[in-house]
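K.L.:
One structure, as structure tokens, below. Some questions next.
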Amino acid sequence: MDTKNSDILLRMESIDKNFPGVKALDGVSLTVRKGTVHALMGENGAGKSTLMKCLFGVYAKDGGKIFLEGREVSFRNSKEALENGVAMVHQELNQALKRSVMENMWLGRFPKAFDFLPFTSEKKMYEDTKKLLSELHINVDPKTIMAKMPVSQRQMVEIAKAVSYDSKIIVFDEPTSSLTETEVEHLFSIINMLRDRGCGIIYISHKMEEILRISDEVTVMRDGKYIATKSAKEITMDEIIRLMVGRELTNRYPEKVHEIGEEWLKVEGLTAEYAKLSDVSFSARKGEILGIAGLDGSGRTELLENIFGLSARRSGKITLGGKEVRNRNPRESIRNGFALLTEERRATGIFGILDILENTAISSLDRYRTGPFLSKKKMRKCTKWSIDAMRIKTPSQETKIRTLSGGNQQKVILGRWLLTEPDVLLLDEPTRGIDVGAKYEIYQLILDLAAKGKTVIMVSSEMPELLGVCDRIIVMSGGRKSGEADAKTATQEEIMTLAAKFA
Ligand SMILES: Nc1ncnc2c1ncn2[C@@H]1O[C@H](COP(=O)(O)OP(=O)(O)OP(=O)(O)O)[C@@H](O)[C@H]1O
Ligand SMILES: [Mg+2]
């Protein structure tokens, strides 16, 4: 690409980074220009987050050089990075949940009441936060306690915080994985504003459509190595995928060969006590993959949660093979043969200090019982199955789960639930944060379960995924079921129309 040197904001040259047993970065380079959005792409575990953490001073790089506006820099911690105009929105949110929005916003740099006195001014903090949030059109009261807000709003606060440092470079590491559709649009308008101001934006996401929409340039990494940088206008989605996985991916969805059996799960008039869910009825067969479509807030997640006993039920009946099951709480549901993969896996699913084996085996301990003992050998065998089936990138089973890349952590949790061999598997956004290649493997596992006669119900915001994987799709709108469609014949438009029915 032909641009003046003065346009270059950031240049990372031949960056190396090793972790015990892993060469996470092997001579990776990246050039980011002023006023552009630079997408960083690669499979789960390719090294994207690690490269950004080396820039941001979270990790010390083992080799290579970083230049910011031509000047060599090496930040020892994130505070130094922020002071020098580099901000980052991390893949994993790390917020003080018991504190308010404004306290989180100014943590580590509380505004002083007077320059010469060590007092913080609550009033100034409130005013400044309010001003910032309203400039960005984020509708949140600065005094709200973080824990009281949905993840998507917490994510918007994090984004506002990164913007508030007035940085030259802002890194967004999978910012949209927990945002609603309207918030994604909102984020894109904030990014466009930052681009117009001349900032350099580094944008990491597994959502291909987003990349082509928002970015100017794309750099692809694979296995800790730099592969290529292309102009986003000149590259196609297929080409990016080929560079990412290093081979041709001919199909994005595996072939369906499973046979659908007798009616198995029946849900009648399900109405939640507090959540937005009213009078939902449907049935699902053995060996059927039932998709649930709908906009955010349409009651998709609430439906799964209510079936699983995570939220109070006002009325309704659930039967499995003609027998009523009450599923009053998750324990009872698991006993009845249900499993739920939650949408918020990072918050509700991961035991960070435990290793992969423990994280995998924890929900299927009965499988490993031999008399009064648990057989470690059996656990190893099942964990190996999970690692192989989803190509989880890890040096060993004893690796702590928190050292895995974000997408690989998700795969471990999915493996945990698949191993419980449930009769009814409830999946909430099963492929969120998962790269394109690994998605295929996960679809294959879902199809295998169906072929074994299990009933799978999956919520997804990605319409092509629902149409590609499911047999039938029910559509939610405003907490109610607005329609049903055969996945073989349905079109995206048809489903969108149903999704908007009571919205
Ligand atoms: N703190 C750590 N300790 C040990 N290994 C690590 C650590 N952080 C990352 N790794 C390893 O480095 C490699 C790259 O991980 P990284 O998180 O950068 O991937 P990524 O491209 O961001 O993937 P994803 O799309 O899943 O987020 C992985 O193999 C990961 O296991
Ligand atoms: Mg990552």
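K.L.:
Give me, ordered by chain and number, the residues 5 or more places off V325 or on other chains with an amide H under 5 Å from its own placed amide H.
P.N.:
Result for V325 returns I318, T319, L320.
K.L.:
Keeping all protein chains in place and using 1.4 angstrom, which order do D7, D355 fall into by accessible surface area, from largest down? Each step should come with its number before you reach the end.
P.N.:
Details: D7 45, D355 20 Å².
Accessible-area ranking of D7, D355, largest first: D7, D355.
K.L.:
Using 0.36 nm per residue of separation minus the Cα-Cα distance, give me the extension gain between T370 and N77 in nm, one decimal.
P.N.:
Working: separation 293, 0.36 × 293 = 105.48 nm, distance 4.88 nm.
The span from T370 to N77 would gain 100.6 nm if fully extended.
K.L.:
In vacuum, with every alpha carbon of segment 315-357 counted as one equal point scatterer, what does the Debye formula give for log10 I(q)/I(0) at q = 0.16, 0.31 Å⁻¹? Two decimals, please.
P.N.:
-0.59, -1.10
K.L.:
Tally the DSSP beta bridges in the chain and give the antiparallel ones as a percent, rounded to 5. The partial results should precede the final answer.
P.N.:
On the way: 48 of 83 bridges.
DSSP beta bridges in the chain are roughly 60 percent antiparallel.
K.L.:
Where in segment 203-218 does the amide nitrogen come within less than 19 Å of the point 7 Å from the Cα of S231, taken along Cα to Cβ?
P.N.:
Residues 211-218 fall inside that zone.
K.L.:
Moving to a separate point now. Calculate I(q)/I(0) for segment 394-445 by the Debye formula, one identical point scatterer on each C-alpha and no solvent, and give its log10 at q = 0.32 Å⁻¹ to two decimals.
P.N.:
Log10 of I(q)/I(0), two decimals: -1.34.
K.L.:
From Cα coordinates alone, what are the radius of gyration and Dmax values for segment 348-421 in angstrom?
P.N.:
11.4, 37
K.L.:
Under a 5 Å amide H to amide H cut-off, with H placed in plane at 1.01 Å, what residues pair with V73 once short-range neighbours are removed?
P.N.:
Under 5 Å from the amide H of V73: I66, F67, L68.
K.L.:
Say each of N94 and W385 gets a label point 7 Å from the Cα, pointing the same way as Cα to Cβ; how far apart are those two points in nm?
P.N.:
3.6
K.L.:
When the Karplus curve 6.51 cos²θ - 1.76 cosθ + 1.60 is applied with θ = phi - 60°, which whole-Hz ³J(HN,Hα) does each residue of segment 320-330 get, with x for Gly and Pro?
P.N.:
Couplings: 10, x, x, 9, 5, 10, 8, 6, 6, 8, x Hz.
K.L.:
Mind checking the full-extension length gain between T271 and S14? Use 0.36 nm per residue of separation minus the Cα-Cα distance, one decimal, nm.
P.N.:
On the way: separation 257, 0.36 × 257 = 92.52 nm, distance 5.71 nm.
Length gained between T271 and S14: 86.8 nm.
K.L.:
Hull surface divided by four, with the convex hull built on the Cα atoms of segment 453-503: how many nm²? Before the final figure, lay out each step's value.
P.N.:
Values: hull surface 14.2 nm².
Over every viewing direction, the Cα hull of segment 453-503 projects on average to 3.6 nm².
K.L.:
While we're on this one: Mind giving me the nanometre distance, one decimal, between the label points for R242 and H137, set 7 Å out from Cα along Cα→Cβ?
P.N.:
Calculated label separation equals 3.9 nm.
K.L.:
Can you figure out the FRET efficiency of A503 with Y253, using R₀ = 25 Å and their beta-carbon distance, to the nearest 0.05? Provide the component values of the computation, followed by the final result.
P.N.:
On the way: r = 28 Å, r/R0 = 1.11.
Once the sixth-power term is evaluated, E becomes 0.35.
K.L.:
Just the Cα atoms of the chain, one point each, no solvent: what log10 I(q)/I(0) does Debye give at q = 0.05, 0.07, 0.12, 0.13 Å⁻¹?
P.N.:
Debye output, listed in q order: -0.21, -0.41, -1.19, -1.36.
K.L.:
Arrange the peptides 209-219, 243-253 so that the one whose residues have, on average, the most other Cβ atoms within 10 Å appears first.
P.N.:
Details: 209-219: 19.0, 243-253: 13.5.
Packing order, densest peptide first, comes out as 209-219, 243-253.
K.L.:
Separate question: Would you calculate the separation in nanometres between label points at D166 and K65, each defined as 7 Å from the Cα along the Cα-to-beta-carbon direction?
P.N.:
Roughly 3.0 nm, to one decimal.
K.L.:
Once the Cα gyration tensor of segment 216-332 is found, what semi-axes does its equivalent ellipsoid get, as square roots of 5 times the eigenvalues, in whole Å, sorted largest first?
P.N.:
On the way: eigenvalues 367, 76, 33 Å².
In descending order, the three semi-axes are 43, 20, 13 Å.
The values are calculated or read from the model by the stated rules, or taken from the named source; none is laboratory data. It should be emphasised that the depicted structure is a prediction, and the values quoted were computed from it without experimental measurement. Quick reminder, even Gly has a Cβ in these numbers, built from the backbone with ideal geometry, and neighbours come from all protein chains shown. What goes into the accessible areas is simple: the full protein's heavy atoms, side chains included, and nothing from ligands, DNA or RNA. Shrake-Rupley method; radii C 1.70, N 1.55, O 1.52, S 1.80 Å.
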